[in-house]
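Shown next, in structure tokens, is the structure this report addresses.
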Amino acid sequence: MFWRKKSKPLTREEVIHLLPQVRSVFGLDLSGRNLEGIDLSGLNLSDVELRGANLRGANLSGVRLFGADLRGANLKGANLEGVTGITLEELKKQAKLQDTTMPDGSKYTGVTTLKSSSSKQPTGQTQVKEDKPLTTVQKGDTWRQIFKENKLGCGLLIAIPVAFLSLIIFLIVSGWFSPPADPVDNHLNEYLNISPSQAQGVDLSHPTIKGKIVIIDKHNKRMDDLYNNHYGELADILTIENKGVGAIVWIDCKEQVVGTYTSGSKAYQTTCTLTIIDKSTNTIVGTQEFDGPNDAPQTQTCYPSIGSSGCSDWHGGRPDDDIIKYLLSLPRQ
């Protein structure tokens with residue numbers, strides 16, 4: 001097993017502290033870590049490396065797991081209700097599941113039964129169909145002999161790398177792999193520190209966008225996570241080159257308390273304010289506010305390993321889906 005029984009389990013607060021520090025496209029690496037009993041409900045764990053992690057009894061309700069690696073993870077007794085970004089089939093294939101609450105709310109026992117067969121089978125045994133083995137390579141065999149005996153296998157062994165190499169050469173020559181001459185992240189401070197004025201006579205709720213946009217996390221002073229998590233959906237309006245920027249979108253997200261549990265822990269909802277700035281005129285042409293999901297569980301599950309009281313705060317996710325729909329709906333010039 002990958003996970004470490006003797007290590008002290010990480011807390012929710014420690015994971016939340018680590019997430020913003022990781023700006024790699026590969027995400028946060030929690031492979032093999034002890035996360036037993038942790039409450040990660042509502043967090044965005046997209047692209048997080050969880051391979052071999054101990055997540056027994058963990059609360060992962062409402063978590064985003066797009067691109068996360070759960071191979072070999074132990075999810076016995078975990079709560080995955082409302083999880084997005086991974087299918088039931090992928091979960092069953094990757095992770096160890098037993099008495100696990102699945103994303104659709106069903107309970108997965110982890111026990112499978114063999115389908116009945118007309119042929120008689122010994123009780124408690126499973127019939128294994130033996131495939132004809134491939135021709136093995138013996139000592140002294142020449143490459144000519146190997147190719148003769150394994151034409152398909154060896155042909156693929158050579159054809160696949162050659163085809164892949166040809167594709168790479170084509171993409172390089174055609175310019176697909178060419179890095180941007182002036183990437184937007186080199187101008188982060190410029191986008192953050194501008195002082196735009198208020199545009200006059202415009203509909204701030206539904207502005208017209210000139211050119212393409214760059215999206216900035218105003219609160220954390222960095223390129224927004226929409227670049228990593230939703231670039232494919234926004235590719236038509238996003239740009240990675242400074243010369244293509246027609247509008248700057250500030251996203252400023254804050255949390256507010258929406259409830260308090262009897263343990264004293266808080267439930268938070270995230271609200272994000274969008275400010276759209278026309279770069280050519282340095283004026284604010286649009287503002288809009290979006291509320292994240294207010295779906296904190298009515299009852300709280302506490303674990304002795306999380307904090308002194310065994311309970312932790314619940315944090316709702318960002319309203320990314322609503323923000324994406326809004327940005328894509330705006331008229332463009």
Distance in nm between pseudo-label sites at residue 263 and residue 301 (7 Å out along the Cβ direction from Cα): 1.1
Accessible area, probe 1.4 Å, largest first, for residues 204, 328, 45: 328, 204, 45
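Which entries of 8/92; 96/218; 254/325; 93/254; 92/218; 93/221 show an alpha-carbon separation above 31 angstrom in the structure shown? Mind showing how you got there, number by number?
Values: 8/92 27 Å; 96/218 39 Å; 254/325 20 Å; 93/254 37 Å; 92/218 39 Å; 93/221 39 Å.
Cα-Cα > 31 Å for 96/218; 93/254; 92/218; 93/221; rest within.
For residue 197 and residue 235 in the same chain, what is the full-extension length gain: residue separation times 0.36 nm, less their Cα-Cα distance, in nm?
On the way: separation 38, 0.36 × 38 = 13.68 nm, distance 2.82 nm.
Gain on stretching residue 197 to residue 235: 10.9 nm.
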Heavy atoms of residue 83 accessible to a 1.4 Å probe, total area in Å² rounded to 10: 10
Exposure of residue 101 as accessible area (Å², to 10), given a probe of 1.4 Å and all protein chains: 20
Per-residue HN-Hα couplings for the stretch 181-186 [Karplus 6.51, -1.76, 1.60; θ = phi - 60°; Hz; x = Gly/Pro]: 5, 9, x, 5, 5, 6
Solvent-free Debye scattering, log10 I(q)/I(0), computed from the Cα coordinates of the stretch 212-333 at q = 0.23 Å⁻¹: -1.31
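Going from most exposed to least, what order do 206, 17 have by accessible area with a 1.4 Å probe?
On the way: 206 85, 17 120 Å².
Ranked from most to least accessible, the order is 17, 206.
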Extension gain (nm, one decimal) between residue 243 and residue 90, 0.36 nm per residue minus Cα-Cα: 51.0 nm
Amide proton proximity set for residue 314, modelled H, under 5 Å, gap of 5+: 266, 267, 268
Inter-site label distance for residue 222 and residue 322 at 7 Å from Cα along Cβ, in nm: 2.4
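Order the following by accessible area, largest value first: 164, 290. Probe radius 1.4 Å; ligands, DNA and RNA are ignored. Please list the in-between numbers first.
Working: 164 130, 290 25 Å².
Ranking 164, 290 by accessible area, largest first, yields 164, 290.
The values are calculated or read from the model by the stated rules, or taken from the named source; none is laboratory data. Given the structure is predicted, the values throughout are model-derived calculations rather than measurements. Backbone-built Cβ (ideal geometry, glycine too); neighbour counts: all protein chains shown. Ligands, DNA and RNA are excluded from the accessible area calculation, which covers all protein heavy atoms including side chains. Shrake-Rupley method; radii C 1.70, N 1.55, O 1.52, S 1.80 Å.
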